[in-house]
Amino acid sequence: QVQLVESGGGLVQVGGSLRLSCAASGRTFSRYGVGWFRQAPGKEREFVAAISWSGEETFYADSVKGRFTISRDNAKNSVYLQMNSLKPEDTAVYYCAEDIRGSYYYWMTDEYDYWGQGTQVTVSS
């Protein structure tokens with residue numbers, strides 16, 4: 001069984017930064033794509049960013065382009081989401097997910113096989 005654990009969330013002021021981590025156990029990340037999603041109260045879970053197995057391709061939602069950066073370190077079996085210039089609308093529970101089937105549809109929640117428990121990010125004024 002694959003276990004994904006997110007960490008690094010917390011409370012930050014508008015314009016601040018946070019770095020989220022997603023660590024895998026039970027298997028490696030090295031051959032699979034990983035995505036970050038978020039869900040705010042009363043809203044649908046939405047795509048944030050994704051990264052290919054090699055780290056050579058990255059994808060971002062329009063709402064976070066230029067502010068967030070996804071990266072991975074396969075040697076450490078971890079994926080990261082660096083979040084800069086945070087806004088109140090970034091407040092949500094952030095989840096990482098692994099696609100073990102190599103789906104092309106990286107922006108779709110149903111394409112991912114394993115999910116972490118989520119980490120809360122709160123951006124305040």
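Listed values, structure above:
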{"item": "Estimated distance in nm for a label pair at Thr122 and Phe59, the labels positioned 7 Å out from Cα along Cα-to-Cβ", "result": "3.3 nm"}
{"item": "Long-range HN-HN contacts of Trp53 with modeled amide H, under 5 Å", "result": "Gly33"}
{"item": "Alpha-carbon centroids, region 83-124 and region 2-25: separation in whole Å", "result": "10 Å"}
{"item": "Trypsin sites (Lys or Arg not before Pro) restricted to region 25-122 and DSSP loop, no more than 11 other C-beta within 10 Å", "result": "Arg31, Lys43, Lys65, Arg101"}
{"item": "For region 37-49, 3J(HN,Hα) per residue [Karplus equation, 6.51 cos²θ - 1.76 cosθ + 1.60, θ = phi - 60°, Hz, x = Gly/Pro]", "result": "10, 9, 9, 8, x, x, 10, 6, 5, 10, 5, 10, 7"}
{"item": "Three-way shape label, the chain, alpha-carbon gyration tensor, a/c 1.5", "result": "prolate"}
{"item": "Loop-resident sites, region 17-106, for chymotrypsin sites (Phe, Trp or Tyr not before Pro), counting at most 13 other Cβ within 10 Å (DSSP)", "result": "Tyr104, Tyr105"}
{"item": "Residue range of the chain that is longest and free of GluC sites (Glu not before Pro) which are both DSSP loop and sparsely packed (at most 11 other C-beta within 10 Å)", "result": "58-125"}
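Quick note: the coordinates plus some simple rules give every number you see, no bench work behind them. Every value quoted in this text rests on a predicted model; they were computed, and no experiment measured them. In this analysis, Cβ positions are derived from the backbone assuming ideal geometry, glycine residues included, and neighbour counts consider all displayed protein chains.
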